[in-house]
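Okay, so here's the structure we're looking at.
The values are calculated or read from the model by the stated rules, or taken from the named source; none is laboratory data. Values in this document were obtained by computation on a predicted structure and should not be read as measured data. For neighbour counting, all protein chains shown are included, and Cβ atoms are generated from backbone atoms with ideal geometry for every residue, glycine included. To get the accessible areas, we keep the full protein, side chains included, count just its heavy atoms, and leave off ligands, DNA and RNA. Shrake-Rupley method; radii C 1.70, N 1.55, O 1.52, S 1.80 Å.
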Amino acid sequence: MPTGVDAGRSGLDLGDGWTRRWAVSWRAGGDDASCSVHDLVQEPVLTSEPMRHFTWRRDQRHRPSLQFLTSTGRHHGAESLEESRVLLALDFAGDVVDVVSQPLKISFATCGKRRAHTPDYLAVTRRGVWLIDVRPEPLIKEADRESFTAAAEVAVACGWRYAVAARWREHAFAGLDAMASRRQLRSDPLGLRPVLLAEAAGGRRFGELAAATGCEPVARAQLLHLLWSRQLGVDLAAPLGDRSLVMPAGEAGR
């Protein structure tokens, strides 16, 4: 769930010409590049490389990892479990074309000093570009809000959208995680998918659909795959379970 960023606006230098005073840097092909925010829209930052490496140490307090996305066909870096969750949610969203971890560094002006901030992700989707920061809501400090507002202003200047992923409905992520466990289920040796798609017409409960095939354990796995691949839809506002109403994707969007 996103959180607001307007609280950090008061300390920023957003006077006339701020887009020429603020700078952005990124890395591509092993080389560093930079420009003003004003010129950023003309630069190829959507194909940039991470600004910093994802490293592992015995004494570190966070948990970096590499998350594989089926939508891009490759691994993407995450510096925490929260960031891994965001990557999984982006993969499920269905419209993702590419994701860049730690895509760029923003050098922005505040009242009397300059600061820098590196957003966590740049997600290219078929419906637009998202600049995303990830921070658990209880850990957000005033300086963070200022950085988030600066990132939001840069996003707007480039015609992108911006969000801070700050908290989750835990039941929603549990359902997403269950579906992701079957996202690479490629085969259907029993031919259950056409049966499940046909049985779901008009809406059926998850448990009823699985039982109707006569091979319930395998049908459950296939149902999770169909939900992940958006061939079937379910309301994740409630916990995913046997009583969850499953329907064809076209009907779920109405």
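Go through (1) under 22 Å from Glu142 (Cα atoms); (2) modelled with pLDDT under 90 for Glu49 and report which single condition fails.
The number of the failed condition is (1).
Read through the list (1) in a helix (DSSP H, G or I); (2) of a type in the set (Phe, Trp, Tyr); (3) without any contact (Cβ under 8 Å) to a residue 24 or more places away in the chain, then give the number of the only condition that Phe148 fails.
(3)
Got a sec? Which of Arg145, Arg161 is open to solvent by 40 Å² or more (accessible area, probe 1.4 Å), at pLDDT 90 or above, of a type in the set (Lys, Arg) and under 16 Å from the mean Cα position of the chain (by Cα)?
Only one candidate qualifies: Arg161.
Test Phe92 against the stated conditions and say whether it is assigned to a helix (DSSP H, G or I) and farther than 20 Å from Pro136 by Cα.
Here the answer is yes, as Phe92 does meet what is asked.
Just name the residue that is most open to solvent (accessible area, probe 1.4 Å) out of those in segment 230-246 that are of a type in the set (Gly, Ala, Ser) and part of a loop (DSSP other than H, G, I, E, B).
This residue is Ala237.
Among the residues of segment 187-211, write down those that are open to solvent by 40 Å² or more (accessible area, probe 1.4 Å) and aliphatic (A, V, I, L, M).
Across segment 187-211, the qualifying residues are Leu190, Val195, Leu197, Ala198, Ala201, Ala211.
Considering segment 193-215 alone, what residues qualify as being part of a loop (DSSP other than H, G, I, E, B) and under 29 Å from the mean Cα position of the chain (by Cα)?
Applying the first criterion (part of a loop (DSSP other than H, G, I, E, B)) to segment 193-215 yields 200-203, 213-215.
The answer is Ala200, Gly203.
When only residues in segment 71-85 that are in contact with a Lys or Arg (Cβ under 9 Å, 6 or more places away or on another chain) and touching a residue at least 40 places away in the same chain (Cβ under 8 Å) count, which is farthest from Ala172 (Cα to Cα)?
Across segment 71-85, the extreme among qualifying residues is Glu79.
Need pairs with beta-carbon distance below 6 Å; first residue closer than 18 Å to Glu49 by Cβ and open to solvent by less than 30 Å² (accessible area, probe 1.4 Å) and within segment 86-105, second of a type in the set (Val, Ile, Thr) and at pLDDT below 90; sequence gap 6+ or separate chains.
Short answer, once both residue conditions are applied: Leu104/Val45.
Which residues, taken from segment 212-229, are over 17 Å from Pro194 (Cβ atoms) and either aromatic (Phe, Trp, Tyr) or open to solvent by less than 60 Å² (accessible area, probe 1.4 Å) (or both)?
Scanning segment 212-229 gives a single hit, Trp228.
For segment 165-175, does any single residue satisfy the condition of being under 30 Å from Glu146 (Cα atoms) and in contact with a strand residue (DSSP E or B) (Cβ under 6 Å, 6 or more places away or on another chain)?
Yes; the residues of segment 165-175 include at least one that is under 30 Å from Glu146 (Cα atoms) and in contact with a strand residue (DSSP E or B) (Cβ under 6 Å, 6 or more places away or on another chain).
Within segment 106-137, can you find the residues that are in a strand (DSSP E or B), open to solvent by 30 Å² or more (accessible area, probe 1.4 Å) and among the small types (Gly, Ala, Ser)?
Ser107, Ala116
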